[in-house]
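What follows is calculated from the coordinates using simple rules that are stated; it is not laboratory data. Given the structure is predicted, the values throughout are model-derived calculations rather than measurements. Counting neighbours? That spans all protein chains shown, and the Cβs are built from the backbone with ideal geometry, glycine included.
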Amino acid sequence: MLKSETIDDRAWAVGPPRSINRNGLLCPDPQETCNALLSRLSHRSRQNLLERCESVDLAARMRLQDRGVPIQYAYFIESGAASVSTRAGDCLQVEIQTLGKKDFVGIPLVLGMRISPHTCTVQMPGTALRIRAEALIHVMTTDREVEKMLLRYVQATHIQSSQLVACNSRHSLNQRVARWLLVVRDRTDSPEIGITHRSIAQALGVRRASITDTFAEMEAAGLIRRSRKHIAIINEPCLAELSCNCHRVIQAAHENSLFGNPGLHIERW
Ligand SMILES: [Zn+2]
């Protein structure tokens, strides 16, 4: 089934009215771009991409990519959160990457592939800028700065995925849940996380009851506050103490992708 048949285009409510570019797409003001990758580009390269992007709303549980399906669009997330997952068994999906406003969906295109090996699902509603696969490839082949930025991003996601393998096999559930909250907090730039226990359990590949128990302990310790479909981080320093260091490795790798800064050595973690 083609991706276009898996997404109900009627669900793509276009965001607040913005300017219409020369390609006839509703696009954002370059100065108002919320995606960290785009905002780090030079004005010329950012404009080069934005001319081919359109603003879209992201609804919870929306699929941005489906495993084994040709990719039609890549996305620069501006708000909300999404999860890249891989299949473990017939029906179990395990998260391999957490995405937010610092992220890009469409890595296979950067690596010359047109079919995604993974599924990407929106976890927290938000907005994104989407660009057709052909348009992204064109920009990458004609704009070296964009290509370099996306290749650095690929490296950061590789580090994140491999760190999650190590984390899931070596660290306790309490540490992993704390790490997950901190990564989402970093990616969304907000301590307010609107997601169900069930979705977090799926992301971590554990039972929902285990997540509920862990959150109860964290709340009793004054680290978080819970309500229905919502978690608020109220003591981030103590949450970071509870967590393993994996979120720092992931964050440092991502900062390198944004700034290309060799001074951020992940080895120290
Ligand atoms: Zn860990």
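Some notes on this structure:
- When residues in region 167-182 are screened for being more than 10 Å from the ligand (Cβ to nearest atom) and surrounded by 19 or more Cβ atoms within 10 Å (Cβ to Cβ), 3 of them pass.
- The test for being crowded, with 19+ Cβ neighbours inside 10 Å, out of contact with any Cys (no Cβ under 8 Å at 6 or more places or on another chain) and not in a helix (DSSP H, G or I) does not hold for T86.
- The listed residue being buried (at least 18 other Cβ atoms within 10 Å of the Cβ), in contact (Cβ under 8 Å) with a residue 60 or more places away in the chain, over 14 Å from the mean Cα position of the chain (by Cα) and away from the ligand (no atom under 16 Å from the Cβ), out of L136, L99, L109: L136
- Only one entry in V184, V139 is out of contact with any strand residue (DSSP E or B) (no Cβ under 6 Å at 6 or more places or on another chain) and not in a loop (DSSP other than H, G, I, E, B), namely V139.
- Exactly one residue out of R67, R87 is over 12 Å from the mean Cα position of the chain (by Cα), basic (K, R) and closer than 27 Å to T141 by Cα, and it is R67.
- The residues of region 146-164 that are touching a residue at least 12 places away in the same chain (Cβ under 8 Å) and either within 16 Å of the ligand (Cβ to nearest atom) or over 17 Å from K102 (Cα atoms) (or both), listed by number, are I159, Q160, S161, Q163, L164.
- Test result for R226, more than 22 Å from the chain's Cα centre (by Cα) and closer than 18 Å to A81 by Cβ: yes
- Scanning region 239-262 for residues that are away from the ligand (no atom under 13 Å from the Cβ) and either crowded, with 16+ Cβ neighbours inside 10 Å or at positive phi (or both) gives L239, A252, A253, H254, E255, N256, S257, L258, G260.
- Residue in region 214-223 that is in contact with a Leu (Cβ under 9 Å, 6 or more places away or on another chain) and assigned to a strand (DSSP E or B) present: no
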